[in-house]
Amino acid sequence: MPDDRGHQPPFPSPDIFNAPPSWRCIDFISDLHLHDELPRTTQALASYLASTPADAVLMLGDIFEAWVGDDMRSQAYEASCVRFLANAGQRLHLGMMVGNRDFLLGQDMLNACHAHRLTDPTVLHAFGHDVLLIHGDELCLADADYLRFRQQVRNPTWQTAFLSHPLDARLSQARQMRAASQTRQQAQTPETWADVDEAAAAQWMREAATPTLIHGHTHRPADESFGIEGGMRHVLSDWDLDHGHPRAEVLRLSAKGFERIPLIP
Ligand code: MN
């Protein structure tokens, strides 16, 4: 295919997740981008987690704006997040997939939150639905610069070297990267960010035998025909209650199907 997109990534071996028959509903959220300058967004997540009737909350990545290693959970803001995440994790099944922001979130943090790792990709079987769950960044094939960065930072050798630096040094590097990323984003809007490549997604949906795809990352919520014949995708909303255009939304799956629940009036 002579275009400017990268090669289609092969379908990684997915985890299979069979929802227990006793479950009645599963919530999906993503792209909270939590950090200490988002008090309303953080409070909204804590309130939602404390009150959702769902048997499981599956978080599809970018829960945190930055995650430089699980020792970060000792910082005051992150420690406050651990408290409400752990309360939820003890009350319901809390699944965490990493995104492009918080890809270093590891087993120590999952344990602290009583959470379960959600592999990217995961095939979910629930209430008669077969659903492919991904964060979405790996299939934004038009974003070649990011995909090169991704290949570098998902390498275990790179991660071991990065994590060997003191926490202060890692936090300071994350601040610099965030400032650079904000400068880049000022030239862009969510409308111009790369989208999940439909042909590549279709290939993954075929290999997973799932007519339904759920992803986050692009911050462009939608429920639409996608990928394969009869295929659908549900794109999750990002959350931000601290700036203009407040938004926070849950995608809920039950035997009745999919439903979007806005958390703000
Ligand atoms: Mn993302």
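The values are calculated or read from the model by the stated rules, or taken from the named source; none is laboratory data. Fair warning: this is a prediction, and the values are worked out from it, not measured in the lab. Cβ: placed from backbone, ideal geometry, glycine included. Neighbour counts: every protein chain shown. Note: accessible area is taken over every heavy atom of the protein model, side chains too, but ligands, DNA and RNA are not part of it. Shrake-Rupley method; radii C 1.70, N 1.55, O 1.52, S 1.80 Å.
Element breakdown for the stretch 15-262 at a 1.4 angstrom probe: carbon and sulfur atoms account for 50% of the accessible area.
Karplus-based coupling profile of the stretch 71-82, in residue order and whole Hz: 5, 5, 5, 7, 5, 4, 5, 5, 5, 5, 5, 4, with θ = phi - 60° in 6.51 cos²θ - 1.76 cosθ + 1.60 and x standing for Gly or Pro.
Once the Cα-Cα distance is subtracted from the 0.36 nm per residue extended length, the Ser47 to Phe162 segment shows a gain of 38.0 nm. The H on the amide N of His35, modeled in the peptide plane, is under 5 Å from the matching H of Glu65, each at least 5 residues off or on a different chain. Near Arg101, the amide H atoms lying under 5 Å from its own belong to Asp62; only residues 5 or more places off or on other chains count, and H is placed 1.01 Å from N. Accessible surface computed residue by residue for the chain, with neighbouring protein chains in place and a 1.4 Å probe, gives 48 Å² per residue.
Report the Stokes-Einstein translational diffusion coefficient (µm² s⁻¹, integer) for the stretch 15-262, Rh taken as the Kirkwood radius over Cα pairs, at 10 °C with viscosity 1.306 mPa s. Intermediate values should be presented prior to the final figure.
Details: Rh = 18.5 Å.
This corresponds to a translational diffusion coefficient of 86 µm²/s.
Per-residue 3J(HN,Hα) values for the stretch 22-37, derived from phi via the Karplus relation 6.51 cos²θ - 1.76 cosθ + 1.60 with θ = phi - 60°, read 6, 6, 10, 7, 10, 9, 10, 9, 6, 6, 6, 6, 4, 7, 6, 9 Hz in sequence order (x marks Gly and Pro). Going by accessible surface with a 1.4 Å probe and the largest first, Glu224, Glu37 read Glu37, Glu224.
Other residues with beta-carbon under 13 Å from the beta-carbon of Ile26 carry, at +1 per Lys or Arg and -1 per Asp or Glu, a net charge of 0. Pair-distance distribution of the stretch 126-182: all C-alpha pairs, bin width 10 Å, starting at 0; shares per bin in whole percent are 18, 35, 30, 13, 5.
Each residue of the stretch 11-20 is assigned a 3J(HN,Hα), and the resulting list reads 5, x, 4, x, 7, 9, 10, 9, 5, x Hz, derived from the Karplus form 6.51 cos²θ - 1.76 cosθ + 1.60 (θ = phi - 60°), x at Gly and Pro. Accessible area per residue (1.4 Å probe, heavy atoms of protein chains only) ranks His243, His135, His125 as His243, His125, His135, with the largest value leading. Taking all C-alpha pairs of the stretch 9-156, those more than 20 Å from each other amount to 48 percent.
Compared with the alpha-carbon gap, the fully stretched path from Asp108 to Thr192 is longer by 26.6 nm at 0.36 nm per residue.
Solvent exposure of Phe258, expressed as accessible area, is near 60 Å², computed with a probe of 1.4 Å over the protein chains only. Over all other residues within a Cβ to Cβ distance under 12 Å of Met59, the charged ones net out to -4, with Lys and Arg as +1 and Asp and Glu as -1. Please list the non-local residues whose amide H lies under 5 Å from the amide H of Ser30, H modeled 1.01 Å from N, same-chain partners needing a gap of 5 or more. Under 5 Å from the amide H of Ser30 lie the amide H atoms of Leu60, each far enough along the sequence or on another chain. Taking all protein chains as they are arranged and a probe of 1.4 Å, the heavy atoms of Glu138 leave approximately 40 Å² accessible to solvent. Taking a label point 7 Å from the Cα of His116 along the Cα→Cβ vector, which residues of the stretch 17-38 have an amide N closer than 15 Å to it? Zone members listed by number: 17-28.
Seen from every direction in turn and averaged, the convex hull around the alpha carbons of the stretch 1-85 projects onto 9.1 nm².
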